[in-house]
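Peer 1: Here it is, the structure in full.
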Amino acid sequence: MSKVQNPSFSSKLLAWYDNHARVLPWRDDPTPYRVLISEIMLQQTRVETVIPYFERFIIRLTDIFSLAKISDDELFKLWEGLGYYRRASNLKRTAQIIVDQYKGIVPNSVDALIQLPGIGAYTAGAISSIAYNQKATAIDGNVIRVISRITGNKKNTTTSEVKKEIEKFVWNRLPMNRFGDFTQAMMEVGAIICLPNGTPKCNECPFSDECYAFLHNQTDVIPLKTSKPKRLVEELTVFIYIYQNQIAIRKREEGLLSGLFELPNEQGKFTHAMCEEYCNSKGYRVSNIQMIGTSKHIFSHIEWKMNGFLVNLESDFSIEHWTWATKNDVLNKYSIPKAFSFYIDWFLLNR
Ligand code: ADE
């Protein structure tokens, strides 16, 4: 009697991947440079959002040398709307280090990659395995969810101890080769099958015959939900200063979003009267002030609650080191983070 072999974890996963992998631009031609760019863009950002940014970026910056030389202003313009702008500055610094210390060749080992700015254990494992087919694991929140459900892990997955257990589980199931495909296949199951909320598509999952959470009807409770730390809320008053159909913007010099342009703003929530008083105290000659409305923007750790005022000026007040931008400049020249979109869109539509 022939013995029926239970296919291994990796062979089930890779067979599924071969039939179901999405066609994604960085998968066509996974050169180390393209993998580096895509993995940085994909940190905390959805695949659908990244695709057009990746395509535009690769056309403008074809190799690591062009990335190492780009001006910050142009880099931020290419990154505009993708968020988490520190990734862009780190990516440029990483490119410069690769040019200076590695002759322009992206290093292949996790140990070397992890030394580079903006590259943590997950991204280093992803680049090493996907770009160079090195034996490495890449454990992110998606992989933690998939493995926790398969193994019935009901512990708090945010602890480093549990992460290490999961890493070990994955390491012990790596195939003999195809390390890059294995990494991407794990991500793919997490992204399109083993969905976090609502209903995971267990009937389409290559692991449904062995998945603890599926077999015990517990996909809604595994992984354990942990409460996230509360975000700090900051109130800001945003000024749309207009002079001769141009809007005043200024460069942020430090902290969150530094190097990017912003609308002038002050901490706190101003009333119309406070806004008038503020402009008077600065000596601005104002023809009128109008309340535009409130908007909010959520960053990873902080939330901005904004209140905006249109302030029409009668002179340009170059003393403030503002930059005056036309509509065309706002669209094509300066990079202004999404946090200000509500007010920038108002300017584009109403002026
Ligand atoms: N998320 C992070 N890296 C990814 C990749 N290479 N493909 C799809 N999703 C990802």
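The values are calculated or read from the model by the stated rules, or taken from the named source; none is laboratory data. Treat the numbers as computed from the prediction; the structure is a model and nothing was measured. Note that we place each Cβ from the backbone using ideal geometry, even for glycine, and neighbour counts take in every protein chain shown.
Peer 1: Have a look at Ile105, Ile70 and point out the one that is surrounded by 14 or more Cβ atoms within 10 Å (Cβ to Cβ), at negative phi and away from the ligand (no atom under 16 Å from the Cβ). Break it down into steps so the answer makes sense when it comes.
Peer 2: On the way: Ile105 fails: surrounded by 14 or more Cβ atoms within 10 Å (Cβ to Cβ).
Answer to the check: Ile70.
Peer 1: OK, next. Given the structure, is Cys275 over 12 Å from Ile240 (Cβ atoms) and crowded, with 16+ Cβ neighbours inside 10 Å?
Peer 2: no
Peer 1: Being surrounded by 14 or more Cβ atoms within 10 Å (Cβ to Cβ) and not in a strand (DSSP E or B) is the filter here; which residues of the stretch 244-257 pass it?
Peer 2: If we filter the stretch 244-257 for residues that are surrounded by 14 or more Cβ atoms within 10 Å (Cβ to Cβ), which is where we start, we get 246-252, 256-257.
Selection gives Arg252, Leu256, Leu257.
Peer 1: Additional query: Please pick out the residue among Ile144, Ile139, Ile193 that is under 28 Å from Lys92 (Cβ atoms), of a type outside the set (Gly, Ala, Ser), within 16 Å of the ligand (Cβ to nearest atom) and modelled with pLDDT of 95 or more.
Peer 2: On the way: Ile144 fails: under 28 Å from Lys92 (Cβ atoms); Ile193 fails: under 28 Å from Lys92 (Cβ atoms).
The conditions single out Ile139.
Peer 1: Just give me the residues in the stretch 263-290 being touching a strand residue (DSSP E or B) at 6+ places or on another chain (Cβ under 6 Å) and under 30 Å from Ser89 (Cβ atoms), in sequence order.
Peer 2: Listed by number, the residues that qualify are Leu263, Pro264, Asn265, Glu266, Gly268.
Peer 1: While we're on this one: Output the number of the condition that Tyr122 fails; it satisfies all remaining conditions of (1) within 12 Å of the ligand (Cβ to nearest atom); (2) loosely packed, with under 14 Cβ neighbours inside 10 Å.
Peer 2: Looking at each condition in turn, Tyr122 falls short on (2).
Peer 1: Just name the residue that is farthest from the ligand (Cβ to nearest atom) out of those in the stretch 23-34 that are touching a residue at least 12 places away in the same chain (Cβ under 8 Å) and closer than 20 Å to Ile192 by Cβ.
Peer 2: First pass over the stretch 23-34, keeping only residues touching a residue at least 12 places away in the same chain (Cβ under 8 Å): 24-27, 30-34.
With closer than 20 Å to Ile192 by Cβ added as a condition, the list becomes 24-27, 30.
On the way: Leu24: 6, Pro25: 10, Trp26: 6, Arg27: 7, Pro30: 8 Å.
Applying the filter and picking the extreme gives Pro25.
Peer 1: Say whether the condition of being assigned to a helix (DSSP H, G or I) and either at positive phi or among the polar types (S, T, N, Q) (or both) is met by at least one residue in the stretch 280-300.
Peer 2: We begin by selecting, within the stretch 280-300, every residue assigned to a helix (DSSP H, G or I); these are 280-282.
From what is left, the residues that are either at positive phi or among the polar types (S, T, N, Q) (or both) are 280-281.
Yes: one or more hits.
Peer 1: Restricting the search to the stretch 173-190, which residues are within 15 Å of Ser148 (Cα to Cα) and either away from the ligand (no atom under 16 Å from the Cβ) or not β-branched (Val, Ile, Thr) (or both)? First the steps, then the outcome.
Peer 2: To start, the set of residues in the stretch 173-190 that are within 15 Å of Ser148 (Cα to Cα) comprises 173, 186-187, 189-190.
Correct list: Arg173, Met186, Met187, Gly190.
Peer 1: So, one more: Run down Ser208, Ser227 and say which single residue is in a loop (DSSP other than H, G, I, E, B), touching a Cys at 6+ places or on another chain (Cβ under 8 Å) and either surrounded by fewer than 22 Cβ atoms within 10 Å (Cβ to Cβ) or among the aliphatic types (A, V, I, L, M) (or both). Before the answer, list the steps.
Peer 2: Numbers: Ser227 fails: touching a Cys at 6+ places or on another chain (Cβ under 8 Å).
Matching residue, one of Ser208, Ser227: Ser208.
Peer 1: Kindly establish whether Lys155 is away from the ligand (no atom under 16 Å from the Cβ) and free of Cβ contacts under 8 Å to residues at least 40 places away in the same chain.
Peer 2: Numbers: away from the ligand (no atom under 16 Å from the Cβ): yes; free of Cβ contacts under 8 Å to residues at least 40 places away in the same chain: no.
For Lys155, the condition - away from the ligand (no atom under 16 Å from the Cβ) and free of Cβ contacts under 8 Å to residues at least 40 places away in the same chain - is not met.
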